[in-house]
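K.L.:
One structure, pasted below without further comment.
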Amino acid sequence: MSSSCSETDHHRVPEINLQDALNVALEACRLAALEIREHFATQQKTFLTKSTIIDMVTQTDKRVEEIVSQHLLKAYPDHQIVGEEFNNKDTTLSKNGYCWIIDPIDGTTNFVHRNPNVCTSIALAYCGSVVLGVVHNPILDETFYAIKGKGSYQKTPFTQQKFEKNVISQCDSISGSLLSSNFPYGRTEDVLSLVEKKYGAFLRMGCHGIRGSGSAVINLCYVANGSLDAYFENGIQIWDMAAGKIIVEEAGGVVCDPCDLEKPEEILLQNHRCLATSTKPLAIQMIQVLKKIEEEH
């Protein structure tokens, strides 16, 4: 089919075989896992810093992105690629065709410290809309995927390494919920004060706790499988959320801007912040809290 997109095409699943694309992405994750596992146990890893001294990148990040992108382009040479280590100055998704969105190692800080919450994240977008997402944690041997309109699945040691449908929680209130977030790379007094206000508000409202895996996309996947009820964070990039977004949505959850339930997907993906919840009532309640804090800060 032609890779140009009309107005009606924009929200339609493309006519390429998405199951084939899924298999290509799963194989890319398998190849990435070999590289990640080979270097994971190294105690003293060499790393560089990017936006701040705690925003790290290793040679393994760069090598994994090369492995993944080469595998994807071999199968789909005409597709665009946006990746964390590609130094893409413009991450706007094309409204005209296909684009793979790659995070070679989400959780690089964890990787440096040998914390097992690391994963490779791959999403496929068509005309600016995500239609497929794959996430693989090679250390804990967990895989998540979703295809638009086909549901959300996981394969872990607890599923006997068979893909099973994700079962999202039915939590509809902050009280009694288990939330998740990560600390942003920016650690100014203003940023830390805002984080403290948000955490404090939810804790005072009776949430059971606020967890942080150190990986945005792992948090999203754990919302999808019911391990968490919600995830919120500012300061993330498109590759931190693209695959996780469709995995949550296909499980029946909500992914939106923390202050706006109705923000369009193309804006949300570029907005550097995210709220994912198991149910719409929980999303509405959390938005009310987060929006009020943002406006008063």
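What follows is calculated from the coordinates using simple rules that are stated; it is not laboratory data. Note that this is a predicted model, so its numbers are computed, not measured. Because the Cβ atoms are built from the backbone with ideal geometry, glycine has one as well, and the counts that use them run over all protein chains shown.
K.L.:
Need the C-alpha centroid separation for region 96-147 versus region 182-214, integer Å.
P.N.:
So the separation of the two Cα centres works out to 24 Å.
K.L.:
Rounded to the nearest 20 debye, what is the charge dipole size of region 245-297 about its Cα centre when +1 sits on each Lys and Arg Cβ and -1 on each Asp and Glu Cβ?
P.N.:
160
K.L.:
Contour minus end-to-end for residue 201 and residue 262, with contour as 0.36 nm per residue of separation and end-to-end as the Cα-Cα distance?
P.N.:
19.6 nm
K.L.:
Stretch residue 115-residue 31 to full length: gain in nm at 0.36 nm per residue minus the Cα-Cα span?
P.N.:
Additional length available on full extension: 28.2 nm.
K.L.:
Starting from the Cα coordinates of the chain, work out the convex hull volume and express it per residue in Å³.
P.N.:
That works out to 127 Å³ per residue.
K.L.:
Ranking request for peptides 17-28, 232-243: highest mean number of other beta-carbon atoms within 10 Å first, then the rest in descending order.
P.N.:
Values: 17-28: 17.6, 232-243: 24.0.
My ranking of the peptides, most packed first, is 232-243, 17-28.
K.L.:
Also: For the chain, with a Gaussian network of springs between Cα atoms less than 10 Å apart, report the residue from 160, 80, 59 with the top mean-square fluctuation.
P.N.:
Greatest mean-square fluctuation among the candidates belongs to 160.
K.L.:
A further question follows. Per residue, what volume in Å³ does the convex hull of the Cα atoms of region 18-165 enclose? List each step's numbers first, then the result.
P.N.:
Details: hull volume 15.9 nm³, N = 148.
Output value, Cα hull per residue: 107 Å³.
K.L.:
Using alpha carbon coordinates only, what is the Rg to Rh ratio of region 178-296, with Rh defined as the Kirkwood radius?
P.N.:
Details: Rg = 12.9 Å, Rh = 14.0 Å.
Expressed as Rg/Rh, it is 0.92.
K.L.:
Pick from 231, 185, 98: which residue has the top mean-square fluctuation in a GNM of the chain where Cα pairs under 10 Å get a spring?
P.N.:
Judging by the Gaussian network model, the answer is 185.
K.L.:
Residue 297 to residue 46: extension gain in nm, 0.36 nm per residue of separation minus the Cα-Cα distance?
P.N.:
Length gained, residue 297 through residue 46: 86.5 nm.
K.L.:
I want to check the label-to-label distance for residue 190 and residue 96. Put each point 7 Å from Cα in the C-beta direction and report it in nm to one decimal.
P.N.:
Result for the modelled spin labels: 3.8 nm.
K.L.:
Would you please put 30-39, 203-212 in order of how densely packed they are, using the mean number of other Cβ atoms within 10 angstrom per residue and starting with the highest?
P.N.:
Numbers: 30-39: 17.0, 203-212: 14.2.
Taking the mean over residues of other Cβ atoms within 10 Å, the ranking is 30-39, 203-212.
K.L.:
Note down the nm distance, to one decimal, between modelled labels 7 Å out along Cα→Cβ at residue 20 and at residue 183.
P.N.:
Output for this residue pair reads 4.7 nm.
K.L.:
Please give the charge dipole size of the chain, origin at the Cα centre, charges +1 on K and R Cβ atoms and -1 on D and E Cβ atoms. Round to the nearest 20 debye.
P.N.:
Details: 27 positive and 37 negative charges, 122 e Å.
My answer is approximately 580 debye.
K.L.:
Still on this structure, please answer the following. With a 10 Å cut-off between alpha carbons and a GNM built on the chain, which of 276, 146, 41 moves the most?
P.N.:
Evaluated over the chain, the most mobile residue of the options is 41.
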